[in-house]
Amino acid sequence: MSDATNTGAGQDRAGMEMLATALASLLNEDTASPAPARSALVAVALGGRSDGEPARIRSFALRRADRAAEVALPAVDRRGLIYSLTKTMLAAAVLRFAARGVVDLDGAAERWLPELAGRAEPVSVAHILAHRAGLPDYGGRADYRTAVAAGDEPWSGDEYLERCGVAGPPVGAFAYSNIGYLLVGRLLERAGNAPLADVMTREVFGPLGLASATMPRTRADLGGLFFGPSPTFGDAPVAERYHPGWVSHGVVAMAAADAARLLHGLTEDYLPGALLRRMHDGLPVGGPMGGRPWVEPSYGLGTMVELDPAAGPYWGHTGGGPGVTPVAYHAPGPNPVSVAVLLDGEDGALAEWMAVEAIHRLRGGR
């Protein structure tokens, strides 16, 4: 069995040890990923949303049994890039502005984003947050992939827009768009009258107590972060070849405990109830996803949502990029649970299965 380090104590210890054993079994299974995970950082947040008591945060680290001789067990507080989980944080910041009447979610996005001027069909800020604004993406572009693999300097925001444009699928149809969230980042800077990192510190990191959260801006900022090898860079360490600017909307680095704390902290103490409900009032995005735990996948405002009542409900976000895969989900209820998983590999399905397994065990008391 993989080694595990448990930061829990007292009555939680046995439950965390059982959970670590179950998740280690998943980590040890064979995978078709070209970049399998060697180790995982897991954190859970338990209770504390309505009973006046603070949430209990428990963290542990795992490594594959067959890699124990060559991979050191990572420290549970090691920080990693959370890639597209950043979108949930960007959306939360926009909703904070909406709660204060600064941003109109259903008004024309062009109010803040003149980049959208001239499009045939107007879109709202909510359309962009929900990936229904008819905007393109760049993840599959050959020029993007080639430049990242070559270790090039990232495109500027304007260059992303010049290369990709702002015309895409029909407005209203779900179409995942990193370009959309690049525009969300610009909206936040304009509405907040400050650089994005400062806006995020003020609106998200500080209010939710995310002490480990930062927004890396240079290659040097990646030193010491949680990474595994990536096929993108061959034998070269990811931290030496990757540039965080290749995440066009900005990327957060944080510990797994703060990723769980993020999802657990999205309460009415942070946002008005109506806006919270909009975050996870998802619309379907298609049928079941092969090999992944989603049964009735949907997307709200910056959150992936499981609508199937037997499998869920839960919501949060999955991310992915060179050398690390982050997942953080929240399951509501009388005993709410939030789970975060960081893998030092590129295997979104495994990270999702581990998070969902943890939710079911903690929520169901297995």
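Between ASP269 and ARG190, take the C-beta separation as r, use R0 = 25 Å, and let me know the FRET efficiency to the nearest 0.05.
Efficiency for this residue pair is about 0.40.
Can you give the extra length, in nm with one decimal, that the chain gains between THR146 and ARG163 once fully stretched, where that is 0.36 nm per residue apart less the Cα-Cα distance? Please list the in-between numbers first.
Details: separation 17, 0.36 × 17 = 6.12 nm, distance 1.42 nm.
Computed gain between THR146 and ARG163 is 4.7 nm.
Out of the total accessible area of the chain (probe 1.4 Å, heavy atoms of protein only), what percent is carbon and sulfur?
51
Ranked by accessible surface with a 1.4 Å probe, highest first, in what order do TRP353, TRP112 come?
TRP353, TRP112
Once semi-axes √(5λ) of the Cα gyration tensor in Å is worked out from the coordinates, which option in (i) 36, 20, 20; (ii) 31, 25, 19; (iii) 70, 22, 16 does it equal?
(ii)
What's the ranking of 145-157, 273-285, 238-250, 321-333 by average number of surrounding C-beta atoms within 10 Å, highest first?
321-333, 238-250, 273-285, 145-157
Show me the three semi-axes of the equivalent ellipsoid for the stretch 137-252, from the C-alpha gyration tensor (sqrt of 5 times each eigenvalue), largest first, rounded to whole Å.
Ellipsoid semi-axes (Å, largest first): 24, 23, 12.
Within a Cβ distance under 14 Å of ALA167, other residues only, what is the Lys/Arg minus Asp/Glu net charge?
-2
When the Cα centres of the stretch 184-232 and the stretch 113-180 are compared, how far apart do they sit, in Å?
20
Taking the solvent-accessible surface of protein heavy atoms with a 1.4 Å probe, what is the per residue accessible area of the chain in Å²?
I get 40 Å² per residue for this part.
Cα atoms only, the stretch 95-167: Rg and Dmax in Å?
My reading of the Cα-based Rg and Dmax gives 14.9, 44 Å.
In sequence order, what are the phi-derived ³J(HN,Hα) couplings for the stretch 317-327 according to the Karplus relation 6.51 cos²θ - 1.76 cosθ + 1.60 with θ = phi - 60°, rounded to whole Hz, with x for glycine and proline?
7, 9, x, x, x, x, x, 7, 10, x, 9
Helix hunt in the chain: which complete DSSP H runs extend at least 15 Å axially by C-alpha with mean Kyte-Doolittle at least -1.0?
TM-like helix candidates: 12-28, 86-99, 178-192, 348-364.
What is the gain in length, in nm to one decimal, between THR31 and ALA211 on full extension, counting 0.36 nm per residue of separation less the C-alpha to C-alpha distance?
Additional length available on full extension: 61.4 nm.
The values are calculated or read from the model by the stated rules, or taken from the named source; none is laboratory data. Since the structure is predicted, the reported quantities are computational estimates derived from the model, not experimental observations. Note that we place each Cβ from the backbone using ideal geometry, even for glycine, and neighbour counts take in every protein chain shown. Please note that ligands, DNA and RNA were not included when accessible areas were found on the heavy atoms of the full protein model with its side chains. Shrake-Rupley method; radii C 1.70, N 1.55, O 1.52, S 1.80 Å.
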